[in-house]
1. How about region 29-58: which of its residues are farther than 16 Å from residue 78 by Cβ, in contact (Cβ under 8 Å) with a residue 60 or more places away in the chain, touching a helix residue (DSSP H, G or I) at 6+ places or on another chain (Cβ under 6 Å) and not small (Gly, Ala, Ser)?
2. Within the bounds of region 283-296, is there any residue that is part of a helix (DSSP H, G or I), open to solvent by less than 10 Å² (accessible area, probe 1.4 Å), among the small types (Gly, Ala, Ser) and at pLDDT 95 or above?
3. Which helices (runs of 4 or more DSSP H) does region 1-68 wholly contain that include 3 or more residues that are open to solvent by 40 Å² or more (accessible area, probe 1.4 Å) and not small (Gly, Ala, Ser)?
4. Please verify whether residue 237 is over 18 Å from the mean Cα position of the chain (by Cα), within 30 Å of residue 291 (Cα to Cα) and either aliphatic (A, V, I, L, M) or assigned to a helix (DSSP H, G or I) (or both), treating the condition exactly as stated.
5. Looking only at region 254-270, which residues are part of a helix (DSSP H, G or I), free of Cβ contacts under 8 Å to residues at least 60 places away in the same chain and open to solvent by 20 Å² or more (accessible area, probe 1.4 Å)?
6. Looking at the structure I just gave you, is residue 164 closer than 16 Å to residue 64 by Cα, of a type in the set (A, V, I, L, M, F, W, C) and within 16 Å of the chain's Cα centre (by Cα)?
7. Could you say whether any residue in region 181-201 is open to solvent by 40 Å² or more (accessible area, probe 1.4 Å), over 29 Å from residue 229 (Cα atoms) and over 21 Å from the mean Cα position of the chain (by Cα)?
8. Restricting attention to region 100-148, which residues are of a type in the set (S, T, N, Q), surrounded by fewer than 20 Cβ atoms within 10 Å (Cβ to Cβ) and under 19 Å from residue 73 (Cβ atoms)?
Amino acid sequence: MVAAITATDLKALEASLLNAAGNVPLHDRFRALFTLKSLKNEDAVAIISKGFDDSSALLKHELAYCLGQMKRTSALPVLETVLKNSSEDPMVRHEAAEAMGAISSTESIPILRQYLSDPNRSVRETCEIALAKIDWDNSEEGKSHLTKTEEPESIPTYTSIDPAPPSSRLLSGQPKPDDVTESSIDTLRTSLLNTELPLFERYRAMFALRNIGTPAAVDALAAGFSDDSALFKHEIAFVFGQLLSSHSVPSLVKVLQDTNESDMVRHEAAEALGGIATPEVLPHLKEWMTRDDAPRVVRESCQVAIDMWEYENSGQFQYANGLEVTRIGVAVGA
């Protein structure tokens, strides 16, 4: 994505991400973060790892997410430190555990097992799912799937490393005609909503419905917002942010407006709306960015979501343009 990165570029990205000047808007810090994520090298890991002293839980949560997506084991020590920090926001700790699942090193198994009994439910549930993912990645099905995805002709529909793989029939990412029938979607919906199943299996149904992506699949996913697990509901909102289906807008707006809903779920709904970027979502994002009674993580998520909305409705080539922004900043300041 980026042709050449110099030491000066890295310093500029670091200064932007860490808000060294004290006046860098949060959305520009996010763009710097995602630019660093795209580099996928040790320098980027080191810079991102410096950000966990920030006061913004939203930013720290995103730092952990990006470290997981970069899939470099050098990030494990800082992720473990974040998970162990009981005074850290649970949203950040959960994301650190999820990132360990994304990196999928067996070295993480002991600490993930240790926090299966954490007082916070979202942290406990994330550790459960991360352990199941590491186990699946090392199964015959998981190894076979990895081999297929590494083939040159493999073009994945979604490039993210998700907390769980789609159900086996949908692993390829391309649904077959039999997968999009009412019966098939109803079966996945039943699994999604079945609280007797392990969370990992429910997540597999969730990502299978994402891969189907029809309005009926979106409706099945939206039914999951009635669950009592904040973690589960936040993942549904994240999936809607991947799908970018306007059909999901009403359910996402309802979640964003629900003051009784977990901040973690509302934040993810806001960012999904920013990515979908249809005209009707902008007033809701502006409202919750400025409301005095909005929790900080919701306000900040709406700020970032508005930047995403503006990007989606602009002619910009890519969202992760932090390098371009910092270069402009250097030129202006010169």
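The values are calculated or read from the model by the stated rules, or taken from the named source; none is laboratory data. Since we're looking at a predicted model, the values are computed, not measured. Cβ atoms come from the backbone with ideal geometry, glycine included; neighbour counts cover every protein chain shown. We work out accessible area using only protein heavy atoms, side chains counted, and drop any ligands, DNA or RNA first. Shrake-Rupley method; radii C 1.70, N 1.55, O 1.52, S 1.80 Å.
1. 30, 31, 35, 58
2. Checked against the condition, which is being part of a helix (DSSP H, G or I), open to solvent by less than 10 Å² (accessible area, probe 1.4 Å), among the small types (Gly, Ala, Ser) and at pLDDT 95 or above, region 283-296 yields no hits at all.
3. The helices (runs of 4 or more DSSP H) meeting that bar are 7-17, 26-39.
4. No; evaluated as a whole, the condition is false for this residue.
5. Selection gives 254, 257.
6. When the stated conditions are applied, residue 164 does not pass them.
7. no
8. Hits for region 100-148 are 105, 106, 114, 138.
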